[in-house]
Amino acid sequence: MDFKQIEAFVNVVRYKSFSKAADATFFTQPTISAHIQNLEKELDVKLLNRNGRSVEMTTQGSEFYKYAIEMINARSAALNAMGAGEDSVSGILEIQTSSIPAVTFLPDLLADFRKEHKEIKYYVSVSDTETVVDNIIDRRGELGFIGDKVVSSAIESTKIAHDKTVMIAPKSFGLSGNISLDKASELPFIWRETGSATRKTFEAAAVAHGLDKTSFEVAALFNDIDSIVRAVESGLGVAVISENIASRLGDRVSALNIDDFGEERSFYLIKLKNASLSPTAEAFYQYIATIQFP
């Protein structure tokens, strides 16, 4: 077993594709496949299943993946220690993030960090808060950004930023200023998936106000912010989003403050508790600790 085999396995899991793993690591696909085959032969287990164009880990593969990450991180840390005093922060930093951080503060963080460490490459996966947490626990990323405080003995979280939630509505609805929860409940909603922290927070506020969240009219479900904004702009319905995002939309939609729902949202940086980070992830983690968020 050598590190090229282990790295090939980790990258195929990371990208869920032999071809994408090859592109990202500048190897050929046959080379990646050969590394995986040799690793499976040496371990005498099947690590990966190909399902059409995607790749999934077997039960044994999922178990081995945890050790593979630790081995790669330990090797990187050792090499980094031997190069003390040099800027040896390099490689791929895998980040899991929910949608609001992905389109607000995270791009600036990545750009500024890469100015200091030009050998960094990022692999950013955008999903909902619940999926981000699950992926961090499953080692499909070292650091995560979410919009809800997670309760898990496996996760360590640090509050890093905050934002307010507002409603956006089509111009054709003729709404402006403030809107009550009662009035909002009469409108057609465009939602993200049920794992969205924004949706969960709003629904909890509606229930606390005495409304039945199941009575809200759902016009559509989307899994990304851009599609939601376009749907609102087109007149399909209203949506609840970050004020930071709404402020960037200009006059494309109407932004409204929601009465009885004025609390600020907090955003958190998460990582797996008691697990070593790669030197790249550790450097980024320490860099974020120095940032003063607005």
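Reported count of residues in segment 278-287, each being surrounded by fewer than 19 Cβ atoms within 10 Å (Cβ to Cβ) and touching a helix residue (DSSP H, G or I) at 6+ places or on another chain (Cβ under 7 Å), is 1.
Residue-by-condition table, conditions (1) crowded, with 20+ Cβ neighbours inside 10 Å; (2) farther than 18 Å from Glu282 by Cα; (3) under 27 Å from the mean Cα position of the chain (by Cα); (4) of a type in the set (Ser, Thr, Tyr):
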residue: Asn11; (1), (2), (3), (4): yes, yes, yes, no
residue: Ala22; (1), (2), (3), (4): yes, yes, yes, no
residue: Glu40; (1), (2), (3), (4): no, yes, no, no
residue: Leu47; (1), (2), (3), (4): yes, yes, yes, no
residue: Gln60; (1), (2), (3), (4): no, yes, yes, no
residue: Glu70; (1), (2), (3), (4): no, no, yes, no
residue: Leu79; (1), (2), (3), (4): no, no, no, no
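Just to be sure I understand, how many residues within segment 1-59 are touching a residue at least 40 places away in the same chain (Cβ under 8 Å) and in a loop (DSSP other than H, G, I, E, B)? Total meeting the criteria: 2. Out of all the residues in segment 134-143, is one or more at negative phi and modelled with pLDDT of 95 or more? Yes - at least one qualifying residue is present in segment 134-143. Inspect all residues belonging to segment 258-270 and state whether any of them is over 30 Å from Glu94 (Cα atoms), over 18 Å from the mean Cα position of the chain (by Cα) and in a strand (DSSP E or B). Yes, that holds for at least one residue.
Of the residues Glu156, Glu193, the single one that is farther than 30 Å from Ile291 by Cα, within 19 Å of the chain's Cα centre (by Cα) and acidic (Asp, Glu) is Glu193. Out of segment 160-206, which residues are closer than 13 Å to Leu256 by Cβ and polar (S, T, N, Q)? If the condition is that a residue be closer than 13 Å to Leu256 by Cβ and polar (S, T, N, Q), then Thr165, Ser176, Asn178, Ser180 are the ones that fit. Among the residues making up segment 277-293, those that are without any contact (Cβ under 8 Å) to a residue 60 or more places away in the chain and not in a helix (DSSP H, G or I) are Thr290, Gln292. The residue that is farthest from Ala111 (Cα to Cα), counting only those in segment 267-277 that are surrounded by 15 or more Cβ atoms within 10 Å (Cβ to Cβ) and at pLDDT below 90, is Ala275. One residue is enough: does segment 198-213 have a residue meeting the conditions surrounded by 18 or more Cβ atoms within 10 Å (Cβ to Cβ), of a type in the set (D, E, K, R), out of contact with any Pro (no Cβ under 8 Å at 6 or more places or on another chain) and more than 30 Å from Gln292 (Cα to Cα)? Yes, segment 198-213 has at least one match. Just to be sure before I move on: is Ile92 closer than 21 Å to Arg140 by Cα, among the β-branched types (Val, Ile, Thr) and in contact with a strand residue (DSSP E or B) (Cβ under 9 Å, 6 or more places away or on another chain) in the structure I sent? Considered against the rule, which asks whether it is closer than 21 Å to Arg140 by Cα, among the β-branched types (Val, Ile, Thr) and in contact with a strand residue (DSSP E or B) (Cβ under 9 Å, 6 or more places away or on another chain), Ile92 comes out as yes.
Considering only residues in segment 231-248 that are charged (D, E, K, R) and in contact (Cβ under 8 Å) with a residue 40 or more places away in the chain, the one that is surrounded by the fewest Cβ atoms within 10 Å (Cβ to Cβ) turns out to be Glu233.
Taking the stated definitions as given, is Ile228 modelled with pLDDT of 90 or more, surrounded by 14 or more Cβ atoms within 10 Å (Cβ to Cβ) and within 22 Å of the chain's Cα centre (by Cα)?
yes
Residues in segment 132-143 include none that are small (Gly, Ala, Ser) and under 24 Å from Arg230 (Cβ atoms).
The values are calculated or read from the model by the stated rules, or taken from the named source; none is laboratory data. Just so you know, these numbers come straight off a predicted model, no measurement behind them. With ideal geometry, Cβ positions are generated from the backbone for all residues, glycine too; neighbour counts draw on all protein chains shown.
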